[in-house]
Structures are given as C-alpha cells and as structure tokens.
Amino acid sequence: MPMGSVVEAANTGANGSLSEKKPVVVFVLGGPGSGKGTQCANIVEHFGYTHLSAGDLLRAEIKSGSENGTMIQNMIKEGKIVPSEVTIKLLQKAMHESGNDKFLIDGFPRNEENRAAFETVTKMEPEFVLFFDCSEEEMERRLLSRNQGREDDNIETIRKRFKVFLESSLPVIQYYESKGKVRKIDAAKPIAVVFEAVEAVFTPADEQKASA
Ligand code: UP5
Ligand code: MG
C-alpha cells in the first residue's frame, strides 16, 4: 500500500479502521550542530526509517524557486523559525511520497507552536524524542568547520540560532520530558560512540539482552 493511504487512514479519525497501521514518528532534536543529520543517516541504514530533515526540506524549497523561497531564506539567515504551516506542509508531502511508515523528523518541532500545530494537523504523536545534548562550545566548533556552504554557518547567525534554540526549542524538549518521552544522548562524544547510544534506544530491550 502506498504511504499516502496509510497516513490518510491513520488520520481519518473516527472512520479510520483500527487495523490500519499507524505511522511511527520519532522527533530528533538538539541544538544546531549537535549531530542530528549525521546520526539520522546512521539510523536510516540500520533501522529502516525515512529521514526527514525540516531544515533540508526548507532549503530545497528555497532552491526550487517557490513563492515562499525568499521568506524562508530570510528566516534561515536570521536563525528564525519558519511558520508552522509551511514546514508541516513540506513534512506531510515528504511522508506521503516516501512510501514508508517510519519517520525520523529531524529539527522539528522547534517551538511550542510547531509542536501543537503538528499534532493538530497530522493527529500524530512521536513515539519518543531523541535529544542530542551538546555544549554550545562544541556545536560552534562543528558548525564553523562544516564548510558545506550553508548561509547560516557564520558566527553571527550561529549565535542567533543558539539563542532561538534555548528560548524556543528547549521548552519543547521539556514538554516531552514531562511526558516521559525524551531519550537523551550525550552528543559531545565522537560520532561512533554517539551512535552506540542511539542504537540502544532503537533496539528493543529483549533483543539487547539476547545479544549481550
Ligand atoms: N559532527 C556531527 N557529529 C559529530 C560528532 N559526534 N563529533 C564531531 N563532529 C561531529 O553535524 C554538524 C557538523 O558536525 C558536521 O560537519 C558533522 O560532520 C559534524 P550535523 O549532523 O549536520 O548536525 P545537525 O544537528 O544536523 O546541525 P544543523 O546545523 O543541521 O542543525 P540546525 O538545527 O541548526 O539546522 P536545521 O537544518 O535543522 O535548521 C536550519 C534553519 O532552518 C533553522 O535555524 C531555522 O531557521 C530553519 N528551520 C525552521 O524554521 N523550522 C524547522 O522546522 C526547521 C528549520
Ligand atoms: Mg541538520
């Protein structure tokens, strides 16, 4: 069955048949440069998820020359959060097109409004939230040496991104913390060590014992 029908079925609410499989959503959150994209690539390889980076989708939207492109570009340059409506539409489209029913949503939701709007519009809740915890010092070092031509990887914008993360995005993580949904990872370690901790989160407890 194509993904479109799975998502729609899961979203039809009262009419939705209980036998329809509900998509699994994991939010991957953490500060700028904490390693969300890097670790998502590893998770995709090992656990069959589709990786949807909200930032990548927004950057693709700029490149496509869409009518929202200039607005998105200006927001990203300032480290500001693009209106939920825009981001959620892009995420929904990518989910439909993927043909999968397991998603890593990377870098979204970034504020309370993003979170509430996503739940209202998609009727989906995350299975859990992977939170990459890393010091600003380390994140700054990584972003300044990334060299991928991102317009927001300069020190002025990086400082703005950190501020927005602390003020708007951390409260979202705290919200899910209060619901017992946060799986916190020490993201300051080397990539392979971080992935060991990530793997443990995605591996069911009985399988962990079996392989121990
Ligand atoms: N690296 C990674 N892991 C490492 C490790 N363990 N040790 C040493 N180096 C490590 O990694 C960053 C760099 O560090 C890479 O060079 C990597 O090799 C190295 P990466 O995996 O890319 O980190 P990530 O957390 O993905 O960093 P990113 O810069 O993508 O995070 P942001 O959250 O800042 O960026 P995003 O693309 O999500 O958003 C950009 C902007 O888009 C936002 O500021 C905002 O303006 C806008 N936006 C919205 O408005 N709404 C949204 O929903 C999403 C984005
Ligand atoms: Mg990223």
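The values are calculated or read from the model by the stated rules, or taken from the named source; none is laboratory data. Keep in mind the model is a prediction, meaning the values are calculated, not measured. Neighbour counts run over all protein chains shown; Cβ positions are idealised from the backbone, glycine included.
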Open item on the list: Looking at ALA14, ALA9, can you tell me which residue is modelled with pLDDT under 95 and either surrounded by fewer than 13 Cβ atoms within 10 Å (Cβ to Cβ) or not in a helix (DSSP H, G or I) (or both)?
Closed with: ALA14
- [ ] Would you mention how many residues in the range 73-109 are out of contact with any strand residue (DSSP E or B) (no Cβ under 8 Å at 6 or more places or on another chain) and of a type outside the set (Ser, Thr, Tyr)?
- [x] 21
Open item on the list: I want to confirm something. Restricting to the range 183-212 and keeping residues that are β-branched (Val, Ile, Thr) and over 18 Å from SER135 (Cβ atoms), which single residue is farthest from the chain's Cα centre (by Cα)?
Closed with: THR203
Task: Qualifying position, being more than 17 Å from ASP106 (Cα to Cα) and at pLDDT 95 or above, among LEU170, LEU144 - done: LEU144
TODO: List the helices (runs of 4 or more DSSP H) that sit entirely inside the range 30-86 and contain at least 3 residues that are closer than 22 Å to ALA117 by Cα, in contact with a helix residue (DSSP H, G or I) (Cβ under 8 Å, 6 or more places away or on another chain) and touching a residue at least 24 places away in the same chain (Cβ under 8 Å).
DONE: 54-63
- [ ] Looking only at the range 123-178, count how many residues are part of a strand (DSSP E or B) and not acidic (Asp, Glu).
- [x] 5
Open item on the list: Yes or no: the range 104-116 includes at least one residue that is in contact (Cβ under 8 Å) with a residue 60 or more places away in the chain, of a type in the set (D, E, K, R), in a helix (DSSP H, G or I) and over 16 Å from GLY79 (Cβ atoms).
Closed with: yes
Open item on the list: I'd like to check something: does the range 154-171 contain any residue that is acidic (Asp, Glu) and surrounded by 12 or more Cβ atoms within 10 Å (Cβ to Cβ)?
Closed with: no
Task: LYS102 being closer than 20 Å to THR203 by Cα, at pLDDT 95 or above and more than 8 Å from ligand 1 (Cβ to nearest atom) - done: yes
TODO: Considering each of GLY48, GLY55 in turn, give the residue that is at pLDDT 95 or above and surrounded by 14 or more Cβ atoms within 10 Å (Cβ to Cβ).
DONE: GLY55
